[in-house]
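For reference, the structure is listed below as structure tokens.
The values are calculated or read from the model by the stated rules, or taken from the named source; none is laboratory data. Since the structure is predicted, the reported quantities are computational estimates derived from the model, not experimental observations. Note that we place each Cβ from the backbone using ideal geometry, even for glycine, and neighbour counts take in every protein chain shown.
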Amino acid sequence: MGVVVLKRGREKPIHRGHPWIYSGAIAVEDATPGEIVDVLDADRHFLGRGYYNPSSQIRVRLLTRDERETVDADFWRRRLRASLARRDGLIVPPRTNAVRLVHAESDGVPGLIVDRYGPWLVLQALTLGIEQRKDLIVELLVELVEPLGVYERSDEDVRRLESLPPVKGVLWGEAPPERLEIEEAGLRFWVDIINGHKTGFYLDQRENRILARRVAEGRRVLNCFCYTGGFTVAAVAGSARETVSVDTSEAAIELATANMRLNGLADRGVDDHFIVGNVFEVLRRFRDEGRRFDFIVLDPPKFAFHAHQVQAAARGYKDINWLAFRLLTPGGLLMTFSCSGVVSPDLFWKIVFGAAVDAGVDAHVVRVLQQAPDHTMSLFFPEGVYLKGLLCRVGEKSVA
Ligand code: SAH
């Protein structure tokens, strides 16, 4: 087993339960890539045990703080079991068969994402430590979950930080169909787990889609960054008066219209519009045309990946929120999100506040929103809390 010794005084975050050890905190490192290492403080006292990658800034991700716990097959089985157990009971609404089963660090399994889509599992190995143990992990998942197949979507950019190439394909069992049908709170969706975003579907927005369904009744809805129509289907199922949905991806829009049909919502005698276009431009066009909506959803992609991109991201968020406020009718609702981990909830409130000020509208926060609870949030790993949102109600009068 390899060993990593920290510089004096650098053990505090570890004592406080954080799983990452950065290169700058290390005095001595003696291990091979991917190996399990013991992490010691400057006095050579045991701090924890994790896997090592010399080509990542995060040199070690801790797996255990118990010196007696060996990292063998049984260890991974226990961790996966605990992760599955964490989802028992309260976390998933009825009539839902698409769930995040393992949320990496936040579930004590750094670098590993596992999503269940009905009988299939989709896995992301985001680190070298997981990459090297993928076969074992797949074997254990098959034992514990008994899926029809396990598909890999390790084609995330973050793998580059670990010097790993993108990979995807069947890991075990049957290949998934091109389109897989899932159920979310009683609504059905086609998911493309082979070519869709992330592992195929934005499972993290489940609870917020359920809320959107509840508040959409009788409203004219504008769903920006609609992807495969999750919020649109929810809003129409919730008796929205009419909907307009916008996304740049033609493939996503095609699946969104298929999802309307799948739920029997396509021929309700209302023109629900789907636009392949850039939200920044479409919002401006609607403003110039004097279009108005009663409920707008803004669920943009990640605008900031690093701390130095936060300012530019904030400008982007403010722009779309400002435009959305201007398009809302008095009493209208804005459901607005940021999935950039580096944008804090506090900053997000400020951005939305600034947008309301500039738009000259009064607004109240009806709900503070976050990722669905199968995207577990550990108190010890704030980095895993990335999705934040606000449901705002615009006042009857403008403040300007
Ligand atoms: N709300 C969706 C997930 C949104 S993901 C759901 O519940 O499933 C973000 C989406 O924004 C992606 O589909 C991406 O294609 C789209 N996108 C990115 N930049 C865009 C832009 N400038 N204009 C319109 N769509 C954009």
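Here are a few things to note about the model shown:
- Residues within segment 288-317 that are surrounded by 14 or more Cβ atoms within 10 Å (Cβ to Cβ), away from the ligand (no atom under 15 Å from the Cβ) and of a type in the set (D, E, K, R), tallied: 3
- Some residue of segment 338-347 being assigned to a strand (DSSP E or B) and in contact with a strand residue (DSSP E or B) (Cβ under 8 Å, 6 or more places away or on another chain): yes
- Residues satisfying the stated conditions in segment 223-254, i.e. farther than 18 Å from residue 294 by Cα and surrounded by fewer than 22 Cβ atoms within 10 Å (Cβ to Cβ): 248, 249, 250, 251, 252, 253, 254
- Residue count for segment 109-156, restricted to those that are in contact with a helix residue (DSSP H, G or I) (Cβ under 9 Å, 6 or more places away or on another chain) and assigned to a loop (DSSP other than H, G, I, E, B): 7.
- Residue match in segment 270-285 (condition: part of a loop (DSSP other than H, G, I, E, B), within 14 Å of the ligand (Cβ to nearest atom) and either assigned by TED's automatic domain parsing to the domain that holds residue 213 or surrounded by fewer than 19 Cβ atoms within 10 Å (Cβ to Cβ) (or both)): yes
- Across segment 274-296, the qualifying residues are those that are among the basic types (Lys, Arg) and touching a Gly at 6+ places or on another chain (Cβ under 9 Å), and the one among them that is farthest from residue 359 (Cα to Cα) is 285.
- When restricted to residues that are within 15 Å of residue 350 (Cβ to Cβ) and either assigned to a helix (DSSP H, G or I) or not assigned by TED's automatic domain parsing to the domain that holds residue 213 (or both), segment 287-322 contains 11.
- Checked against the criterion of being outside the structural domain of residue 59 (by TED's automatic domain parsing), within 21 Å of the chain's Cα centre (by Cα) and not hydrophobic (A, V, I, L, M, F, W, C), the candidates 143, 139, 174, 162 yield just one match: 162.
- When we screen 156, 174, 143 for residues that are charged (D, E, K, R) and modelled with pLDDT under 95, the only hit is 156.
- The single condition among (1) of a type in the set (D, E, K, R); (2) surrounded by 17 or more Cβ atoms within 10 Å (Cβ to Cβ); (3) outside any strand (DSSP E or B) that residue 61 does not satisfy is (3).
- Residue list for segment 108-133, restricted to those being buried (at least 23 other Cβ atoms within 10 Å of the Cβ), more than 18 Å from the chain's Cα centre (by Cα) and either within 30 Å of residue 95 (Cβ to Cβ) or free of Cβ contacts under 8 Å to residues at least 12 places away in the same chain (or both): 120
- Filter result for the condition that a residue is touching a strand residue (DSSP E or B) at 6+ places or on another chain (Cβ under 7 Å), within 23 Å of residue 134 (Cβ to Cβ) and at pLDDT 95 or above, over 67, 35, 29: 35
- Selection count, segment 348-379, where residues are surrounded by fewer than 16 Cβ atoms within 10 Å (Cβ to Cβ), in contact with a strand residue (DSSP E or B) (Cβ under 7 Å, 6 or more places away or on another chain) and part of a loop (DSSP other than H, G, I, E, B): 1
- Check on residue 267, in a helix (DSSP H, G or I) and of a type in the set (Asp, Glu): no
- Meets criteria (surrounded by 20 or more Cβ atoms within 10 Å (Cβ to Cβ), of a type in the set (Phe, Trp, Tyr), within 17 Å of residue 83 (Cα to Cα) and in contact (Cβ under 8 Å) with a residue 24 or more places away in the chain) for residue 151: no
- Scanning segment 16-37 for residues that are outside any strand (DSSP E or B) and more than 28 Å from the chain's Cα centre (by Cα) yields 24, 25, 31, 32, 33, 35.
- Residue pairs whose Cβ atoms lie under 9 Å apart, sitting 6 or more positions apart in sequence or on different chains, and linking a residue in segment 9-22 that is in the same structural domain as residue 42 (by TED's automatic domain parsing) to a partner that is surrounded by fewer than 13 Cβ atoms within 10 Å (Cβ to Cβ) and assigned to a loop (DSSP other than H, G, I, E, B), are 11/45; 17/379; 22/57.
- Residue that is nearest to residue 326 (Cα to Cα) [pool: residues in segment 245-274 that are under 24 Å from the mean Cα position of the chain (by Cα) and among the β-branched types (Val, Ile, Thr)]: 246
- Of the residues 128, 121, the single one that is modelled with pLDDT of 95 or more, touching a Leu at 6+ places or on another chain (Cβ under 7 Å) and farther than 21 Å from residue 176 by Cα is 128.
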